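Student: My questions will all concern the structure given below.
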Amino acid sequence: MSVFRVLRADVAAGAEPLPPQRKWRAITLATLLLVVAYWSLLGGLVSIASDDSDVGGPQAGAAIALGLSLIPFVFVVLAFMSEHPRASTAVLKAMGLALLIGIPVSALAADAVTGIVAGAGAGGIAALRADRLHTWQIRAAALAFATAYTFVLVRTIGALALLPAPIFPFTALGLADHYAEWREAREGAAPTASRKERRLPWLR
């Protein structure tokens, strides 16, 4: 329940809707930084798993350390560039959610890639500014789809799935917000009474 309260508190945080251009600029830059962190983490993990002793060791540790050190800056970029009204707090929540979701998913999926996508996306739900129409339920559903899609790709096309994986989490959140806006616009054409019945209970 505490996780749901954390996510719910950040929904409808913005005073004025953030223009889509600014949101996607924040998503793009955060994704680019996530790509660097992702490949550094993945390179270190592959080096550790390698049988070649010349590849592992200090180089692998340095790569993992670099990747982990970049993750907070990914959420800093996402929160501050999306103009989150409580950006500093959002970054801390994002880090906690990334660990809380990413580690168990990695263990269950038995691969680091799926866990990184799930963890980064979970943190992104807290870090990316949410306006009135943006619900954590829709964002979580989009992230679940992106995570499942990554899981399937890793097991069907193998190494090729590693290339697009870091693009999935924040892109899924941006698309989820657009869907929420589209749904509200569609319901705006319906009678007022009908629209009230369709609202989520906690938004009433």
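The values are calculated or read from the model by the stated rules, or taken from the named source; none is laboratory data. Because the structure is a prediction, the values reported are computed rather than measured. Counting neighbours? That spans all protein chains shown, and the Cβs are built from the backbone with ideal geometry, glycine included.
Student: Test Gly96 against the stated conditions and say whether it is surrounded by 18 or more Cβ atoms within 10 Å (Cβ to Cβ) and modelled with pLDDT of 95 or more.
Tutor: Details: surrounded by 18 or more Cβ atoms within 10 Å (Cβ to Cβ): no; modelled with pLDDT of 95 or more: yes.
Answer is no for this residue.
Student: Whether any residue in region 181-199 is part of a loop (DSSP other than H, G, I, E, B), closer than 17 Å to Leu34 by Cβ and modelled with pLDDT under 95 is what I want to check.
Tutor: No: zero hits.
Student: Condition first: crowded, with 24+ Cβ neighbours inside 10 Å and among the hydrophobic types (A, V, I, L, M, F, W, C). Now tell me which residues in region 99-118 satisfy that. Give the steps one after another, and end with the answer.
Tutor: Applying the first criterion (crowded, with 24+ Cβ neighbours inside 10 Å) to region 99-118 yields 114, 116-118.
Correct list: Ile116, Val117, Ala118.
Student: Could you identify the single residue in Arg139, Arg129 that is in contact with a Leu (Cβ under 6 Å, 6 or more places away or on another chain), in a helix (DSSP H, G or I) and touching a residue at least 12 places away in the same chain (Cβ under 8 Å)? Quick ask: steps written out before the conclusion?
Tutor: On the way: Arg129 fails: in a helix (DSSP H, G or I).
The unique qualifying residue is Arg139.
Student: Restrict the check to region 22-39 and report whether at least one residue is more than 22 Å from Gly115 (Cβ to Cβ), at pLDDT 90 or above, of a type in the set (Ser, Thr, Tyr) and surrounded by fewer than 18 Cβ atoms within 10 Å (Cβ to Cβ).
Tutor: The first filter runs over region 22-39 and keeps only residues more than 22 Å from Gly115 (Cβ to Cβ), leaving 22-26, 28-29.
Remaining after also requiring at pLDDT 90 or above: 22-26, 28-29.
This time we only want the ones that are of a type in the set (Ser, Thr, Tyr), so: 28.
Cutting the leftovers down to surrounded by fewer than 18 Cβ atoms within 10 Å (Cβ to Cβ) gives us 28.
Yes, region 22-39 contains at least one residue that is more than 22 Å from Gly115 (Cβ to Cβ), at pLDDT 90 or above, of a type in the set (Ser, Thr, Tyr) and surrounded by fewer than 18 Cβ atoms within 10 Å (Cβ to Cβ).
Student: If I go through region 145-189 residue by residue, how many of them are out of contact with any helix residue (DSSP H, G or I) (no Cβ under 9 Å at 6 or more places or on another chain) and of a type in the set (Ser, Thr, Tyr)?
Tutor: 1
Student: Limited to region 119-162, what total is found for residues that are polar (S, T, N, Q), over 12 Å from Asp177 (Cα atoms) and either surrounded by 17 or more Cβ atoms within 10 Å (Cβ to Cβ) or modelled with pLDDT of 95 or more (or both)? Please lay out each step first, then the result.
Tutor: Just the residues of region 119-162 that are polar (S, T, N, Q), to begin with: 135, 137, 147, 150, 156.
Filter again for over 12 Å from Asp177 (Cα atoms), leaving 147, 150, 156.
Next cut, either surrounded by 17 or more Cβ atoms within 10 Å (Cβ to Cβ) or modelled with pLDDT of 95 or more (or both) only: 147, 150.
Qualifying residue count for the region: 2.
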